[in-house]
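The values are calculated or read from the model by the stated rules, or taken from the named source; none is laboratory data. Small disclaimer: the values here were computed from a predicted structure and weren't measured. Glycine gets a Cβ as well: all are built from the backbone with ideal geometry, and neighbour counts include every protein chain shown. With ligands, DNA and RNA removed, areas are computed over all heavy atoms of the protein, side chains included. Shrake-Rupley method; radii C 1.70, N 1.55, O 1.52, S 1.80 Å.
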Amino acid sequence: MAPDLIIDMRCLQDAARSERGVPGHAAATIRLARRVSAWARTARIVGIVDHRMPALAPELAALADEVRGNAYMPSPPPGSLLLNPAPMGPDQDVLGRLLLDPRIAKAAVVYDFIPLDQPARYLGDPVHRLDYSTALVWLRRYQLFLPISAATGARLGALWPEAVNRVVTGVPLSLFGGAEDAPRAPARHLLMVGGDDPRKNPEVLIRAHAGSAALQAAQVPLIVTGAYAPERRAELRAEVLREGGNPTLLQLPGRLPAAALRAAYRAAYCVITPSLAEGFSLPVVEAMAAGVASIGSDIDAHAELLPDPAWRFDSEDPAALRRRLEALVRDGGARDAMVAAQAGIWPPFKPETVARTIWAAIETLVLPPPAPAVVLGRRPRIAVLSPLPPALTGVADFSARFAAALALRAEVELFAAGSRGAGAVASSGAPFLSARFDRVVTAQGNSPHYAATYQLMKRYGGACVCHDHRLLGFCLGQFGAERTAAMASRELGRPVSAGQVTAWAFEENDREADLMDDLAAAARPLIFHNRHSVAALRTRGFQAEFLPFAIYRPWSQVPVSAAAQRDARARLGLADGRLIASFGFVGVLKGVEAALRALALLRDNGMPCHMVWVGDASGELRVLRRLARRHRVTELVTFHSTFFTEAKYRDYLLAADFGLQLRIGRPGSVSGALQDCIAAGLPSVANDDLADNVEAPDYVRRVGDALDPVAIADAFAGLIEAGLPRGGYEESRRKYCARHSMDNYVDGLFKLLEL
């Protein structure tokens, strides 16, 4: 299996800066990897991005074989490596799982420690201080350091003496192919290639230029490039006036595109780089490559590139710099001599040369194939994040049963979303970052229970078992209508208003978006219990897998007898007569009105039944009772306004003659309650979508998803006329229970997780 070359490509997501600085270095390093490295040619390149940031430009995305939105890679192939071109950027913890994985080699490009050395200027607020401090901690997890200059390497060694595996690389010079690729233009101006950062120090150059009577009289322009804010531009022009200069000679063209910047270099008398601090200094060597004299401030990074002291100046002495500028503008011979003396400095920074240095160092780091993650004699270690009892949700009950079955095959640790019982700790980022876990599995549903795990999944990735086929209610509750509408617009590829998504919440049949895309982009894999959702996500280009729903409320292997049914009715205080029971939360989306109309039809056709809704109907109790009165079945129906204990819930499964599970809405719903009916051998009626998604056996009569009351009544009439007692479907029940056991579910999950 080919190794993975995992590259943090988040620094490339700022399209405006992708040609220079950190992004330019990263892009050149990746672009040339397979040209200069035999190992890289064998590897699969995986780019890590942040979906909250602008998308990678297509030409940058094409540098990777796969681009993914998180660093969840539970089974990296032997010999895999992580390369981080920007390890001091924010949110380094998202790479934590990779950095803590001993199977993965790790290399980091190191630019500088300027924020650490000037905290008042760069780390003035708590967020930046925390981000930078966290990045420093994570930096110690790398094994190979690729400082861009000897000065940066020395600073790294002073901070952390253990960082001995350091290879100085320089920065690739992408703007020029060499001095020979175009002739120099006649000298017209002085040039500083800067940016809106105080350490670039344009003031000393502006003072030197504006204070020079000779340069002002000769009308020599000073061009200072870089994206300066309007107020900063005004400050720089005011500096010219204070020094007695002509403000029209100061040109601030902003950030120049590559062609314009090359032209500006070639037409310069000299290029001046007055920085107070740098890790490297690209303008210094770009000037040399353009065949132009280059001078810079007397700092460590410049001393490496400008070894002659005559080429450096005191960054706080505008008078000395003024004299240097006047001499260079006046004396063409001095300029030519400097250009000739500097001609041998820049070639080591040609992109391919720098790339060969980087990849040669990386090839020494790539480890021999280690032992696989899951070896004979050690059970897999799995973290499970889900609502758990005592949370009042069916997913909590399912997850508790699932975790118990999983614990027979793996070492399991539970992280509870919301309230938690014994044996679980609160959900957090810890299991996602820890290399202790071979896999992280989360549960997701359409309620506030999943707020924490949803955000953790988006940030860190993992495997996700999605118990719902839409997240509309969840997204509206967590993000509000405007943001939910924006998510729906991205999914559907057309504008969707906040009013539309709010209306969908009240009319499920009108809903057009599933709101799954963000979760699908993060999950590896995203698992559904219905095939419809899998097909829908795959159509949109996401990875999704089907895993048949498992029985999580197992029934006794003893068939239900007439005596057991009578005893259960006695415990519940139920009268004799045919009893239909529907289980789970009660609301209009459960097809209540169609069920009540069917109940009236059964009565009118001489087949009276009593219908009890075994679940909490308190949220819509007044509406439901009004429906019962409208259809004249008040005396035939019972609604409850409380949750049921497990014992009482099971008694209703025993006591009922028939089950009923209906759902209004688009396809994809899964009903644990319908599966409870099946496991208890309770003949039932369900709409097609629910029955299909739990692979219901023959004693579940199906009706169309449009929920026609006549069809529902006919289905019950057929069950009544069949006349089979409870326990009459025992062979089908046993086969179904064996096929949908939790053990089989765990086995299927293991295959999807590649364990």
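Given Cβ point charges of +1 (Lys, Arg) and -1 (Asp, Glu) and nothing else, what value in debye, to the nearest 20, does the dipole of the chain about its Cα centre take?
500 debye
Within segment 448-548, which GluC sites (Glu not before Pro) sit in a loop by DSSP and count at most 15 neighbouring Cβ atoms inside 10 Å?
Hits after loop and neighbour filter: GLU507, GLU512.
With the Cα gyration tensor of the chain in hand, convert its eigenvalues to equivalent ellipsoid semi-axes via √(5λ) and list them largest first in whole Å.
70, 27, 19
Give me the extension gain from GLU731 to GLU235: residue separation times 0.36 nm, minus the current Cα-Cα distance, reported in nm with one decimal.
The GLU731-GLU235 span can extend by a further 169.8 nm.
Estimate the FRET efficiency between ALA218 and ALA150 by the formula 1/(1 + (r/R0)^6), using the beta-carbon distance for r and 25 Å for R0, to the nearest 0.05.
With R0 = 25 Å, the Cβ-Cβ based efficiency is 0.05.
List the trypsin sites (Lys or Arg not before Pro) in segment 97-185 that DSSP assigns to loop (not H, G, I, E or B) and whose Cβ has at most 11 other Cβ atoms within 10 Å. Which are they?
Listed in order of number, the matching sites are ARG140.
Amide H neighbours of THR273 under 5 Å, at least 5 residues apart or on other chains, H built in the peptide plane: list them.
ILE295, GLY296, SER297
Below 22 Å, Cα to Cα, which lysines can LYS648 reach? Residues fewer than 8 away in the same chain don't count.
Answer for LYS648, where 22 Å is the Cα cut-off: LYS590, listed by chain and number.
Whenever you get a sec, compute what percent of the accessible area on segment 59-173 sits on carbon and sulfur atoms (1.4 Å probe).
Carbon and sulfur atoms account for 60 percent of the accessible area of segment 59-173.
What dipole magnitude, in Debye to the nearest 20, does segment 661-708 give about its Cα centre under +1 on Lys/Arg Cβ and -1 on Asp/Glu Cβ?
100 debye
Under 30 Å from the Cα of LYS106, which lysines turn up, not counting those fewer than eight places away in the same chain?
LYS350, LYS458, LYS751
Scan around GLY591 for amide H atoms under 5 Å from its own, H built in the peptide plane at 1.01 Å from N, and keep only partners 5 or more places away or cross-chain.
Long-range HN contacts for GLY591: ILE664.
In segment 230-317, what percent of the accessible surface is made up of carbon and sulfur (1.4 Å probe, ligands and nucleic acids excluded)?
Accessible surface attributable to carbon and sulfur in segment 230-317 totals 51 percent.
With every protein chain present, what is the per residue accessible area of segment 46-200 (1.4 Å probe, Å²)?
Dividing the accessible area of segment 46-200 by its residue count gives 40 Å².
How many nm separate the modelled label positions at ALA722 and ARG626, each set 7 Å beyond the Cα in the direction of the Cβ?
My value for the distance between the label points is 3.7 nm.
So in the chain, what percent of DSSP beta bridges are antiparallel if you round to the nearest 5?
DSSP beta bridges in the chain are roughly 0 percent antiparallel.
Taking Cα pairs under 8 Å and at least six residues apart, what relative contact order does segment 604-755 come out at, in percent?
This gives 17 percent for segment 604-755.
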